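Participant: Attaching a single structure in structure tokens format; questions to follow.
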Amino acid sequence: MSESEPEYPYKAYRRPMPATWWLRNRKYFLFMMRELSSVFVALFVLLYLYAFFLLSKGPVVYGEFQKSLRSGGFIAFYVVALLFAVYHSCTWFRLTAKIQVVRLGRWTVPGSLVTAGAFMGWIVASAAVVYFLAM
Amino acid sequence: MYKMDKGEPFWWGMFSVGGVVAALLVPVHIFLDGLAVPIGLLRADALSYERMLALVGHPLFKVYLFVLVVLPLYHAAHRIRFSLYDLGVKEFRISMDALCYGGALVGTGVVAYVLWGLL
């Protein structure tokens with residue numbers, strides 16, 4: 001038993017589980033992909049920070065890095081990272097209504113409306129980033 | 001008896017806010033910085049040295065960048081920790097919590113150093 005697991009006052013049966021259990025069906029696989037999305041998100045933010053770090057090395061180094069981002073390898077990474085990031089966003093916003101029940105006075109906002117609000121928020125936030133960074 | 005880990009709510013909270021930041025802001029940044037400029041959808045100078053330097057010179061943008069980079073690290077640390085358990089990985093000599101959350105804490109320090117120390 002690992003150290004972090006709680007110690008119960010009784011012995012529980014632990015069903016043996018192979019490390020490939022998540023390949024057994026589609027739902028398990030998608031669950032694991034959702035978890036994996038966080039790795040791509042983390043890799044992207046670190047790469048994003050690295051680009052800013054290179055600003056401190058001067059225009060030549062920064063320019064070379066920006067040029068290298070046009071290589072096939074980087075583009076492939078960004079395409080995969082984007083797919084994972086969008087998957088994270090969709091699963092996250094779909095969960096919002098289940099986690100956060102919104103009440104206005106005596107009225108409970110329907111879950112579908114909360115989900116729609118979360119997706120609208122995503123669109124507004126994305127549009128704001130495009131406006132500030134790209135326009 | 002089962003003992004509650006007092007740190008757990010904090011890490012869950014960080015996971016949650018990191019997840020919100022990742023969900024709201026990361027896709028559009030990946031698209032803009034990784035794809036739109038390199039494949040020519042946006043003007044090439046959108047990410048130019050002068051433009052980015054001016055942007056990062058603004059304290060509000062630094063705070064934004066700090067939030068954008070740091071919080072998803074905690075989100076990832078939490079998910080990686082539980083995914084490793086799910087894959088059957090047992091504790092290493094250093095605890096998994098220390099490895100995953102420690103990584104996120106080190107990341108926070110690095111981000112702070114880059115943003116306030118170098119730029």
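A short reminder: the numbers here are calculations on the coordinates, not readings from a lab. Computed from a predicted structure; not experimentally measured. FYI the Cβ positions are ideal-geometry reconstructions off the backbone, even for glycines, and counts take in every protein chain you see.
Participant: Counting only other chains, what is the mean number of Cβ atoms within 10 angstrom of the Cβ of each residue in peptide A:54-61?
Facilitator: Numbers: counts 4, 9, 6, 1, 1, 4, 1, 1.
For peptide A:54-61, the averaged partner shielding equals 3.
Participant: How big is the Rg/Rh ratio for chain A, C-alpha atoms only, Rh by Kirkwood, two decimals?
Facilitator: On the way: Rg = 21.5 Å, Rh = 19.4 Å.
Looking at chain A, the ratio lands at 1.11.
Participant: Continuing with the same structure: Across the protein assembly as shown, how large is the tail of the calculated P(r) beyond 27 Å, expressed as a percent of all Cα pairs? If you can, show how the numbers build up before the last one.
Facilitator: Numbers: 14550 of 32131 pairs.
Percentage above 27 Å: 45.
Participant: Mind checking the alpha-carbon convex hull of segment B:1-73 and giving the volume per residue in Å³? Write out the running numbers ahead of the final one.
Facilitator: Values: hull volume 7.4 nm³, N = 73.
Dividing the Cα hull volume of segment B:1-73 by its residues yields 101 Å³.
Participant: Sticking with this structure for a sec: For segment B:13-118, what is the relative contact order in percent, using Cα pairs closer than 8 Å and at least 6 residues apart in sequence? Mind showing how you got there, number by number?
Facilitator: Working: 65 pairs, mean separation 39.1, N = 106.
Rounded, it is 37 percent for segment B:13-118.
Participant: Can you give the average number of partner chain beta-carbon atoms within 10 Å of each beta-carbon in peptide A:104-110, as a whole number?
Facilitator: Details: counts 0, 0, 0, 0, 0, 0, 0.
Mean partner-chain Cβ count within 10 Å for A:104-110: 0.
Participant: For segment A:56-123, what Kirkwood radius comes out of the mean inverse Cα-Cα distance, in Å?
Facilitator: Working: mean 1/r = 0.0658 Å⁻¹.
By the Kirkwood definition, the hydrodynamic radius is 15.2 Å.
Participant: Starting from the eigenvalues of the Cα gyration tensor, five times each then square-rooted, give me the equivalent ellipsoid semi-axes of segment B:20-119, largest first, whole Å.
Facilitator: Numbers: eigenvalues 203, 63, 21 Å².
For segment B:20-119, the ellipsoid semi-axes come out as 32, 18, 10 Å.
Participant: Report the Stokes-Einstein translational diffusion coefficient (µm² s⁻¹, integer) for segment A:18-81, Rh taken as the Kirkwood radius over Cα pairs, at 10 °C with viscosity 1.306 mPa s. Write down the numbers at each step before the final one.
Facilitator: On the way: Rh = 14.0 Å.
So the translational diffusion coefficient is about 114 µm²/s.
Participant: Using Cα pairs under 8 angstrom and six or more residues apart, how large is the relative contact order of chain A, in percent?
Facilitator: Computed value for chain A: 19 percent relative contact order.
Participant: If you don't mind, another one. What does the structure give for B:14-22 when I average, per residue, the other chain Cβ atoms found within 10 Å of the residue Cβ? Please list the in-between numbers first.
Facilitator: On the way: counts 0, 1, 2, 0, 4, 7, 6, 3, 11.
Neighbouring Cβ atoms belonging to other protein chains average 4 per residue here.
Participant: Subtracting the Cα-Cα distance from 0.36 nm times the residue separation, let me have the gained length for A:L104 to A:A116 in nm, one decimal. Let's see the in-between values first.
Facilitator: Numbers: separation 12, 0.36 × 12 = 4.32 nm, distance 1.65 nm.
Result: 2.7 nm gained on full extension.
Participant: At R0 = 25 Å, how high is the FRET efficiency between A:L23 and B:L99 if r is their beta carbon distance? Nearest 0.05 is fine. All intermediate terms of the calculation are to be shown ahead of the outcome.
Facilitator: Numbers: r = 25 Å, r/R0 = 1.01.
So, using R0 = 25 Å, E works out to roughly 0.50.
Participant: For A:W92, what charge total do you get from the other residues with a beta carbon under 14 Å from its beta carbon, if Lys and Arg give +1 and Asp and Glu give -1? All intermediate terms of the calculation are to be shown ahead of the outcome.
Facilitator: Numbers: positive: A:R34, A:R94, A:K98, B:R79; negative: A:E35.
Residues near A:W92 contribute +3 overall.
Participant: For segment A:120-125, take each phi angle, set θ = phi - 60°, evaluate the Karplus expression 6.51 cos²θ - 1.76 cosθ + 1.60, and give the result in whole Hz per residue in order, putting x for glycine and proline.
Facilitator: 5, x, 4, 5, 5, 4
Participant: Can you give the calculated 222 nm mean residue ellipticity of the protein assembly as shown, where each DSSP H run of n ≥ 4 adds -39,500 (n - 2.57) and the sum is split over every residue, rounded to the nearest 500 deg cm²/dmol? Write out the running numbers ahead of the final one.
Facilitator: Details: 8 runs with 167 residues, N = 254.
Per the formula, -23000 deg cm²/dmol.
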